[in-house]
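Visitor: One structure is given below, represented as structure tokens, and several questions about it will come after.
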Amino acid sequence: MSAKSPGRFITIIIIAVLCGLVAGILGEVVTRVYILKDFSLPYLTNEVNLVDLNSRRSNLIIQDAKKVVVNQDVKVAETINSIRPALLGIFRKINANSEAYYRLDDPLFVGLSITSDGWLAASLPDDLKNNFSIKNYVAISSDRKIYEIDKISDFKNLSGDLIFFHLTNASNLPVKKMVSRTDLSLGQAVVVISDFNNALLSSLSSFQKTSNLLSSDTINARLVLASELGNTFANSFVFNLAGDLVAVVSSDREAIPAFSYNYYWQSLIEKEELARPFLGINYLDLSRVKLPDINLDKGALIYSTTDRQGIVKNSPAAQVGLEVDDVIIWINNQEINNTNDLADLIATHRAGETITITYLRDNTRKEVEVKLSEFK
């Protein structure tokens, strides 16, 4: 054998390997085109069109879900379809012997099921605020069941004109999750649904506060959507693309975050009336205001005005010695900043719970435990 034989042998191996690769690629192309009827070019794109999957390719394993991109219009349609079973149309009751009928696509307003045994939440339209008698109305579900309304909750004057009422003999209703404050982010895509014919894709553009001087015991947050809401979307609901409830839209089209109703929600779910938590502080959000003598860009500054004291008399805050000009910087393990408002964090607790407040007094860091009382 000559000295060049090993080189020729390696060359033959390389050529054989390349021919095998080419044959394999051609074989897959032929299989896709003539057997699977798939005319895409698998080696020229990293995208998989899930809509075009057919029965011959029913098994799909996604190893890295972060790289999957779903067309937004498909996702929105899926979201709306997942929400509809939890929405019930509210209609004025029709007598059994009447020739009238319910137009299922044109309810007076819609309610959202919040417990599987029949509690609904709804934002009342202006023309029904003073004359909504439950005996005169029925709810109709997406599967065409008609429910009488047997009771309405005792919660009064809730933000967003929200009411809670219960359906007779309801069971196994689908329930949507409420989005917490920490799961909201600017730019997040949302869907606004007012009834069965109107849905609007938008996003969260900002968080706003209701006033400059804030109360630890009243939810101050309002959500602002990138799209302007017309009259069609008064008394509607806002969901994220996972189908979870983000906000309730009032008659005047204010978007009140769902987490602000946390204690009412939990009262109905746990079948007992839970007391609202009470701390007793009025404050300025330092992420929104600048005081000349305070060099902080976050925290809740306990603050008094001529008509509102910074510390409410006999409140839990007063009992543990908190004072005007103290700056609350942490509640338990959550920092007070431009995304965590003091009142929002207090609302996640219950009356009777003990929380740890970390605060600054004269630039000295201090800590105190406070037992929340019941809001009166």
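Visitor: Could you tally the net charge around ALA170, taking each other residue with its Cβ under 13 Å from the Cβ of ALA170, Lys/Arg +1 and Asp/Glu -1? Mind dumping the intermediate values first?
Guide: Working: positive: LYS145, LYS151; negative: ASP117, ASP143, GLU148, ASP150.
Combined, the nearby Lys, Arg, Asp and Glu give -2.
Visitor: I would also like to ask the following. Take ASP252 and GLU270, extend 7 Å from each Cα along the Cα→Cβ direction, and tell me the distance between the two endpoints in nm.
Guide: 3.3
Visitor: At 0.36 nm per residue, minus the direct Cα-Cα distance, what do ARG92 and THR339 gain on full extension? Give it in nm, one decimal, please. Could you put the intermediate results ahead of the total?
Guide: Working: separation 247, 0.36 × 247 = 88.92 nm, distance 4.20 nm.
Gain on extension, ARG92 to THR339, equals 84.7 nm.
Visitor: Ok, one more. Using packing as a proxy for protection, rank 91-99, 233-241, 145-153 so that the peptide with the highest average count of other Cβ atoms within 10 Å comes first.
Guide: 233-241, 145-153, 91-99
Visitor: Just add up the charged neighbours of PRO277: K/R +1, D/E -1, any other residue whose Cβ is under 9 Å from the Cβ of PRO277.
Guide: On the way: positive: ARG276, ARG350; negative: ASP217, GLU353, GLU374.
Here the charged neighbours net out to -1.
Visitor: Among GLY118, GLY27, GLY310, which one moves the most in a GNM of the chain with springs linking Cα atoms closer than 10 Å?
Guide: Evaluated over the chain, the most mobile residue of the options is GLY27.
Visitor: Between THR364 and TYR101, take the C-beta separation as r, use R0 = 51 Å, and let me know the FRET efficiency to the nearest 0.05.
Guide: 0.10
Visitor: Here's another thing I want to ask about it. Starting from the 7 Å offset along Cα-to-Cβ, what nm value, one decimal, do you get for the label separation of LYS290 and ARG8?
Guide: Modelled inter-label distance: 8.4 nm.
Visitor: Stretch ASN332-THR218 to full length: gain in nm at 0.36 nm per residue minus the Cα-Cα span?
Guide: Here the answer is 39.1 nm.
Visitor: Quote the FRET efficiency, to the nearest 0.05, computed for THR232 versus ASP127 with a Förster distance R0 of 25 Å and r equal to the Cβ-Cβ distance.
Guide: According to the calculation, E is roughly 0.95.
Visitor: Tally Lys and Arg at +1 and Asp and Glu at -1 over the other residues with C-beta under 14 Å from the C-beta of ILE146: what net charge comes out? The partial results should precede the final answer.
Guide: On the way: positive: ARG92, LYS93, ARG103, ARG144, LYS145; negative: ASP143, GLU148, ASP150.
Value of the local net charge: +2.
Visitor: Using only the alpha carbons of the stretch 181-261, what is the convex hull's orientation-averaged projected area in square nanometres?
Guide: So the Cα hull casts an average projection of 5.4 nm².
Visitor: By per-residue mean of other Cβ atoms within 10 Å, what is the highest-first order of 19-25, 259-265, 222-228, 81-87?
Guide: 259-265, 81-87, 222-228, 19-25
Visitor: Contour minus end-to-end for LYS209 and LYS135, with contour as 0.36 nm per residue of separation and end-to-end as the Cα-Cα distance?
Guide: Additional length available on full extension: 22.9 nm.
Visitor: For each pair in LYS129/LYS313; LYS151/LYS176; LYS176/LYS209; LYS75/LYS145; LYS129/LYS151; LYS298/LYS376, compute the distance between the two Cα atoms and list the pairs where it is over 24 Å.
Guide: Exceeds cut-off: LYS129/LYS313; LYS176/LYS209; LYS75/LYS145; LYS298/LYS376.
Visitor: For the chain, set up a Gaussian network in which alpha carbons nearer than 10 Å are linked by springs, and say which option among LEU18, LEU345, LEU268 fluctuates the most.
Guide: With Cα springs under 10 Å in the chain, the top fluctuation among LEU18, LEU345, LEU268 is at LEU18.
Visitor: Shifting gears a bit: Taking N as the number of residues in the chain, what value does Rg over Cα atoms divided by 2.2 N^0.38 Å take?
Guide: Dividing the Cα radius of gyration by 2.2 N^0.38 Å gives 1.40.
Visitor: Report, in whole Å, the centroid distance computed from the Cα atoms of the stretch 263-333 and the stretch 338-367.
Guide: Cα centroid to Cα centroid, the span is 7 Å.
Visitor: Summing -39500 (n - 2.57) over the DSSP H runs of n ≥ 4 in the chain and dividing by its residue number, what mean residue ellipticity at 222 nm do you reach, to the nearest 500 deg cm²/dmol?
Guide: Helices in the chain give a 222 nm mean residue ellipticity of -4500 deg cm²/dmol.
Visitor: Here's a follow-up. How far apart, in nm, are the 7 Å Cα→Cβ label points at LYS151 and LYS376?
Guide: So the label points at LYS151 and LYS376 sit 2.7 nm apart.
Coordinate-derived values only; no laboratory data. Remember, predicted model here, so these are calculated numbers, not experimental data. Reconstructed Cβ throughout: ideal geometry from the backbone, glycine too, with neighbour counts over all protein chains shown.
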